[in-house]
1. Which residue fluctuates most in the GNM of the chain (Cα springs below 10 Å): Y123, Y210, Y138?
2. Over the chain, with a Gaussian network built from C-alpha contacts below 10 Å, which listed residue (A194, A133, A144) shows the highest mean-square fluctuation?
3. Scan around N151 for amide H atoms under 5 Å from its own, H built in the peptide plane at 1.01 Å from N, and keep only partners 5 or more places away or cross-chain.
4. Share of the chain's accessible area from carbon and sulfur, percent, 1.4 Å?
5. Mind ranking 2-11, 200-209, 225-234 by how tightly packed they are, going by the mean number of other C-beta atoms within 10 angstrom, highest first?
6. Mean separation of Cα pairs under 8 Å and 6+ residues apart, divided by the residue count of the range 85-226: what relative contact order is that in percent?
7. Karplus couplings for the range 227-242 from phi (6.51 cos²θ - 1.76 cosθ + 1.60, θ = phi - 60°), rounded to Hz, Gly and Pro as x?
8. Check the straight Cα-Cα distances from K53 and name the aspartates and glutamates below 13 Å, setting aside those fewer than 8 residues away within the same chain.
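The values are calculated or read from the model by the stated rules, or taken from the named source; none is laboratory data. Computed from a predicted structure; not experimentally measured. In this analysis, Cβ positions are derived from the backbone assuming ideal geometry, glycine residues included, and neighbour counts consider all displayed protein chains. The protein model used for the area step is the full one, side chains on, heavy atoms only, and it has no ligands, DNA or RNA in it. Shrake-Rupley method; radii C 1.70, N 1.55, O 1.52, S 1.80 Å.
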Amino acid sequence: MSDVTIEQTRRMHSVEDRVIIVTGSGQGVGRGMAHHLAKAGASIVVADWNAEKMRRTTAEVEAIGVPALGVECNIMERETLEAMVAATIERFGRVDAIINNAQTFRPNQPIATVDTDDVETFYRSGVLGTLWAMQAVYPHMKAAGWGRIVNFASSMGIVGGAGFGAYNASKEAIRAITRTAAREWGIDGIVVNAIAPAAAPPRAVGSEHYEEFMRTCPMGRNGDPELDIGGVAHYLCTDGCRFVTGHTFMVDGGNFLWA
Ligand SMILES: NC(=O)c1ccc[n+]([C@@H]2O[C@H](COP(=O)([O-])OP(=O)(O)OC[C@H]3O[C@@H](n4cnc5c(N)ncnc54)[C@H](O)[C@@H]3O)[C@@H](O)[C@H]2O)c1
């Protein structure tokens, strides 16, 4: 028998009492992950630029029975991300994990007509929003000697999905900073990973992209934000992933296997 206790082992796989920020948790995948992590006992910081949806998720998390802090924040503005982390520290005294899920979208464009505004919006909300949030939590996680960062990528970026040029560029840059931070911050006890999910929102159902996914996905179904994506986000916020860093988790029912 090793010296590891049953209590230590259970704690390793738990997010109970962890303080976790979820950006873009007003709806969709972020909201599902917030529900999952709250039901698993974490305190949740619900961050979104849509104040009404942010308040809705915050109330839902509170109704689950764990502490919640709602923060209105625009990830395209560095100051609001810094204020989000400051508010988290003020309320909870620490930040254990951040899930950089929010992304501002623009209509799809083929490469021939992608314009600067498209690239800037995806880049600012995706890459800079993720980078600034990582920089804001870093000193707190480094001081604690423990931290979990979960960024959001996309299979579209990996396979070069047509029509998604500006989006793909930002999602692949997010994977690049995920790997680099994993190397730089591993020594601080901070692990940095990415999730590439498949949990299409209702507005996408029936689209060409959605039909293609349903045709190729081995599991033959869309992902559930709370159970399918939330379950992996949970793992990536625990101590169970303590030796896993710099990776992209394809949480897509095996769809990436066709690529
Ligand atoms: N849903 C999928 O199948 C899928 C597939 C691949 C990747 N992703 C990625 O997963 C993440 C979540 O996707 P989703 O489908 O839930 O998106 P969504 O559009 O349904 O939700 C995004 C949330 O982020 C918020 N948001 C947008 N811009 C913001 C900003 N500038 N500041 C603060 N909040 C902002 C929105 O208000 C919304 O609540 C994204 O990073 C997306 O690129 C999703």
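1. Y210
2. Judging by the Gaussian network model, the answer is A144.
3. N100, N193, A194, I195
4. Its accessible area is 55 percent carbon and sulfur atoms.
5. Packing proxy ranking, top to bottom: 225-234, 200-209, 2-11.
6. 24 percent
7. These are the phi-based 3J(HN,Hα) values: 7, 7, 7, x, x, 6, 4, 4, 4, 6, 9, 9, 7, x, 9, 4 Hz.
8. Within reach: E72.
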